[in-house]
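The values are calculated or read from the model by the stated rules, or taken from the named source; none is laboratory data. Treat the numbers as computed from the prediction; the structure is a model and nothing was measured. We place every Cβ from the backbone using ideal geometry, glycine too, and count neighbours over all the protein chains shown. Accessible surface areas use protein heavy atoms only, side chains included; no ligands, DNA or RNA. Shrake-Rupley method; radii C 1.70, N 1.55, O 1.52, S 1.80 Å.
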Amino acid sequence: MAQLDLHTVEKKWQKHWDLEKTNAFIRESNKPLFCIDVPPPTVSGRMHLGHALGYTQADVIARYKKMQGFNLFYPFGFDDNGLATERFVEKELNIRGNTLQRSEFTKLCLEHTKKAEEELMHDFKALGLAADWSLVYRTISEEVREIAQHSFLDIYTKGRAYRKESPHMFCTTCNTAVAQAELEDSEKESYFIDLLFELENKEKITISTTRPEMLAACISIFVHPDDKRYLGLVGKKAKVPIFNNWVAIRKDARVNPEKGTGIVMCCTFGDQTDMEWYKAHNLELKIIINENGTLNEKAGTYKGMKIKEARERITAELEKLGLTSGKKKIVHAVNVHERCKTDIEFLVTKQWFIKYLDLKQEFLNQAKQINWNPKHMISRLENWISGLQWDWCISRQRFFGVPFPVWYCKKCGAIKLADEKDLPVDPLKDTPKEVCEKCGSKEFEPEKDVLDTWFTSSLTPQINAKWKIDEKLFEKIYPLDLRPQGHDIITLWAFNTIVKSYLHHKSIPWKNMMVNGWALDAKGRKMSKSLGNVVKPREVIEKYSADALRYWACSVVLGEDVPYNEKEFVAAIRLINKIYNSSKFVNLVTENASYEKLTEKKKKYASEDLWILSRLNSVIKSSTENMENYNFSRALAETRDFFWLEFCDMYIEEVKDRIYSGTEEEKQTAQFVLIETFLTVLKLFTPFMPHITEECYQSLNALNKKSRSITIEKYPKTDSSLINEFYEKMGELKMEIISSIRKYKNSKGMALNKELKKVIIYLEDGKLKEYLEPVKGTISKTCKIQSLEIEVGKAKGAIIEINKQIALLIEE
RNA sequence: GGGCUCGUGGUCUAGCGGUUAUGAUACCACCCUUACACGGUGGGGGUCAAGAGUUCGAAUCUCUUCGGGCCCACCA
């Protein structure tokens, strides 16, 4: 047989699985279903190692379920609507979305993402995923738009969608409202500036702020109700520096007396507390920031400047006028938009929201009904839900996304929804077919906003199940069985999906959740472009193979982060080679045998046969248990240890004697156990390393009846009648003794195949004798001992103690 | 500041109340023994992050401390 070329082998079998449709979902099948809601990767670049990790771990479970006899529903999708994709396309084509018509920009996005998706799909296929590639969806497709718009109409009809003008988090770079979940912390340098405000009696008070550019929007001053230093101030007025308007001093418990001077100015809106004060004290609204991040006419001479510029200019001006009393450089955490890292502002805009703060308890209950793996991951979601303080803002002032199926009556302003039958609609192009229900007008204004990406992404279970499109399918597979995803987006994707499923169906979206960790670099750091430590899966596959990458991905417990360790890949390559070489051995010694015929023949089992069969079934048993509990790393490690240390190192060596020089009956029994054990091990390895196991399976000559693929074979079933403690203990003792004799030879500088005249095994406990009698022959042959005896009682002479009960006496 | 989580030979990892603490990888020595030198055999290397407690007994349970990670809160 030729030397193993993994890349050729992997490509060959991937092509074979495609042609043979081994991964196809069979709709008409009566088998129990197992439906997976796989994360659709964002179309904004190439596949990274984190993808390889998460998708492989999920794939291992999928392949296991398939081999357990489930009809896999395992589609794949691409998330190609939304800001991430827009930015990707803008960057690649060097254009700006807002300079084009929505339809024109959308067209460019569609064309460009198509190419990017082909690349992505190529990479994901190279991992050897068992997904059904005929079920691919794109979140910008007509069908998905339809489902997303259905979702909106349903939520609106249920009275949970509302449109309101109110202060909300806004990104001035992306020009859009953002949700709580899209925020990120960023440590930024800033100045804490002490400003002097003048009271009516000309006295001065000092207020520290990091945002002097907000002065024009200052509408009140607050002190803590218990702060004795300043209680006298409450009710008085102070003059805002530069702008010279008078604002009232009030008390509020939200003031932190420890911070700055303990006096704080309130502007609409410098931060979230400002907004709370504005609402609680019914303050005047003075908006000075435009949606594009510049200041407006209310900011006087600072009109037209960007926030940062205004901050610098006004600081200089204040200092020049002697209106400051100090300036301190600080580093503080600021909320920024995760996509562009711009500081978040609070602007008053008209946005669509989903009302859900009153449903927190229900969401918690839903989460508890899902089986979380690992269990503790649920606490992240619980933590998030209890901390929620905003309704979900679902409108975005962007272009490439699913449009709201909404118009507004030009005459009376009433909301006009699209008809379910007409979905999907684009209000910019389409018009309502009926007149306004309120005033009868035919004139409508389209809603220009698009839905938040997560509004659509949170529908992947409904998209997969074709909600409203193929109701029969939906009924069949909803709720789905498994959602695999990363722990970083539990609060985003998992949470929003649970929300949607509850709002639409009062149901959980899936029964099981598996949460994977992250791929880190060799030093345990996050992979990022700026650190230059990004490892590309494509290169890893070229260097080591897909099976090796899969082995690495399964080498950790679910939920743990995995550093990129080359040695893990080296270990994988060695294992793959060992499997391949052992298959060559099996083929060599079973050349003219037929597994099917051997199965029917009467067997004369040797003690080592009973030992290896018992061990094999013990391994099947624990592997099955581990796989059921998503503990794939344990299953893989146990299978590997059994295969290498017991099957290869011990059993194959022991069996040679019978195969080369045994009687026909002995030979046939040995051949049978050899094939049986090897074939079973291959199947245990298949979910992890499907390529090499397929290669070995298809080339097993003794197998007359092969199926199209080992990946559709049944997962081994435990035969408890073969699990036998006696033989397992026998095997253990045998290995211990052989190992001790080898150690002895090694220490004496003897060759391992040097003959020994005599060895006596002394047993403290006579009961052990029965375990050793059956393996006397095996030990003698393996260690080249002319005469091997077993004696009960205290040892005489120079002995080697193996443990408290066993000692050896060796004569050279 | 809060929640969750992790910390075992150089490196990665199993074990989760009683083992001479598992295996991998790297290292050293010997060996090309008819599947495999991408192999075999053997060896050195760990006070199981630190401290205290519970227990006859702790890597394993509890508490404290230190260090890493993720998420959240704070952000005047």
> Once you charge only the Cβ atoms, +1 for Lys and Arg and -1 for Asp and Glu, what is the size of the charge dipole of segment A:518-637 about its Cα centre, to the nearest 20 debye?
Replying inline: 160 debye
> By per-residue mean of other Cβ atoms within 10 Å, what is the highest-first order of A:559-572, A:393-406?
Replying inline: A:393-406, A:559-572
> For A:GLU28 and A:LYS776 in one chain, what is 0.36 nm times their gap in residues minus the Cα-Cα distance, to one decimal in nm?
Replying inline: 263.6 nm
> Taking N as the number of residues in segment A:665-795, what value does Rg over Cα atoms divided by 2.2 N^0.38 Å take?
Replying inline: 1.41
> In nm, to one decimal, how far is the modelled label at A:LYS506 from the one at A:TYR605, with both set 7 Å along Cα→Cβ?
Replying inline: 5.6 nm
>> Need one number: nm distance between label points at A:LYS115 and A:ASP719, each 7 Å from Cα along Cα→Cβ, rounded to one decimal.
In response: 5.8 nm
> Given the rule -39500 (n - 2.57) for each run of at least 4 DSSP H residues, summed and divided by the residues of chain A, what is its mean residue ellipticity at 222 nm, to the nearest 500 deg cm²/dmol?
Replying inline: -12000 deg cm²/dmol
> Each label point is 7 Å from the Cα along the Cα-to-Cβ direction; what then is the distance between the points at A:LYS584 and A:TRP390, in nm?
Replying inline: 6.2 nm
> Which whole-number value in Å² is the accessible area per residue of segment A:461-601, probe 1.4 Å?
Replying inline: 41 Å²
> What's the angle, to the nearest 10 degrees (0 to 90), between helix A:632-641's Cα axis and the longest principal axis of chain A?
Replying inline: 20 degrees
> What whole number of Å gives the distance from the Cα centroid of segment A:51-107 to the Cα centroid of segment A:243-321?
Replying inline: 42 Å
>> Quick check: the distance between the Cα centres of segment A:766-812 and segment A:691-731, to the nearest angstrom?
In response: 34 Å
> Within a Cβ distance under 14 Å of A:THR663, other residues only, what is the Lys/Arg minus Asp/Glu net charge?
Replying inline: +2
> Can you list, bin by bin at 10 Å, the percent of alpha carbon pairs in chain A, starting at 0?
Replying inline: 2, 11, 17, 18, 15, 12, 9, 7, 5, 3, 1, 0
> Near A:ASN23, within a Cβ-to-Cβ distance under 12 Å, what is the net charge of the other residues, with Lys and Arg +1 and Asp and Glu -1?
Replying inline: +1
>> Placing +1 on the Cβ of each Lys and Arg and -1 on the Cβ of each Asp and Glu in segment A:222-307, which of A:GLN272, A:PRO241, A:GLY300 has its Cα farthest towards the positive end of the resulting dipole?
In response: A:PRO241
> Pairs of lysine in segment A:592-677 with Cα under 15 Å and at least 8 positions apart or on different chains: total?
Replying inline: 6
>> What does the net charge come to around A:ALA333 if you take all other residues with beta carbon closer than 9 Å to its beta carbon, with K and R at +1 and D and E at -1?
In response: -1
